[in-house]
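Quick notes on the structure that follows.
Computed from the coordinates by the stated procedures, all read-outs in this text should not be read as laboratory data. Here the structure is a predicted model, which means the values were calculated and not measured. Because the Cβ atoms are built from the backbone with ideal geometry, glycine has one as well, and the counts that use them run over all protein chains shown.
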Amino acid sequence: MALMSFIFMFVVGILSNGFYLLPGTDEDVLLELMSFISFFGSVLFLLEGRKVLPGWYLAIPFCISLFLLVIISFWKVSGEEFLNGYRYLVTPVVITLLALLSPFSLLVFLSLHGHPYSMKAYLAVSSIASIISIFSLFFAIWELSSRSPHEASFSNGLIAIYFLYWFAVMPIVGLSFLLRATK
C-alpha cells in the first residue's frame with residue numbers, strides 16, 4: 001500500500017523537482033515514474049490480496065487506471081510520433097484518470113478484510129476525495145464538451161478545482177494509504 005501512495009504525491013514530487021533530481025524539468029517524466037511505482041504497488045497488492053482478502057477484486061479499477069496512466073505517460077515522454085494527431089486528447093485523459101484515482105482508492109480501502117474502527121477514517125477521507133474528484137470530473141467533461149476538440153485551455157474555475165484536488169485532496173489520500181500501510 002505504501003507503493004500505491006506514490007501517485008497521490010504527484011504535486012509534492014513536482015514541487016520537490018525544483019532541485020532537478022530527475023532528468024529534465026518535465027512533469028511528464030515525474031508522472032511516468034510515480035504512476036509506474038504506484039502501478040507496481042497495486043499489482044503487488046492484487047497478487048497478495050487475492051490470497052487473503054475476500055474483496056480483493058475491488059482494487060482492480062485502481063490498478064487499471066494506474067496502468068493507463070503508465071501507458072499514456074510513456075507515450076508523452078517517448079515523443080510526438082506516438083501521439084501524432086491526438087496530442088490534444090492526452091491532457092484531458094490524464095486529468096480524468098487522476099480524478100478517478102480517489103473513487104478507486106475508496107474501492108481499495110473497501111477491499112481490505114474486515115473494517116475495524118480505524119477503517120472508518122480512511123473510508124471517510126476517500127469518500128470526501130471521491131466527491132470532490134467526481135464533481136471536478138463532471139465539470140471538466142461539461143467544459144470540454146462545450147468547446148472545439150482541438151482546444152486545450154481550461155477555465156479558471158476548473159483550474160481552481162484541480163489545484164484543490166492536486167494540492168490538498170490527493171496528498172491526504174496518499175497519506176491515508178501510507179498510514180494504512182504502516183498498520
Calculate, in nm to one decimal, what Ile128 and Ile60 gain on full extension: separation in residues at 0.36 nm each, minus their alpha carbon distance.
-> 22.4 nm
Ordered by packing density, taken as the mean number of other Cβ atoms within 10 Å over each peptide's residues, highest first, how do 104-111, 37-44, 175-182 rank?
-> 104-111, 37-44, 175-182
So the FRET efficiency between Val93 and Leu178, C-beta based with R0 = 41 Å and rounded to 0.05, is 0.90
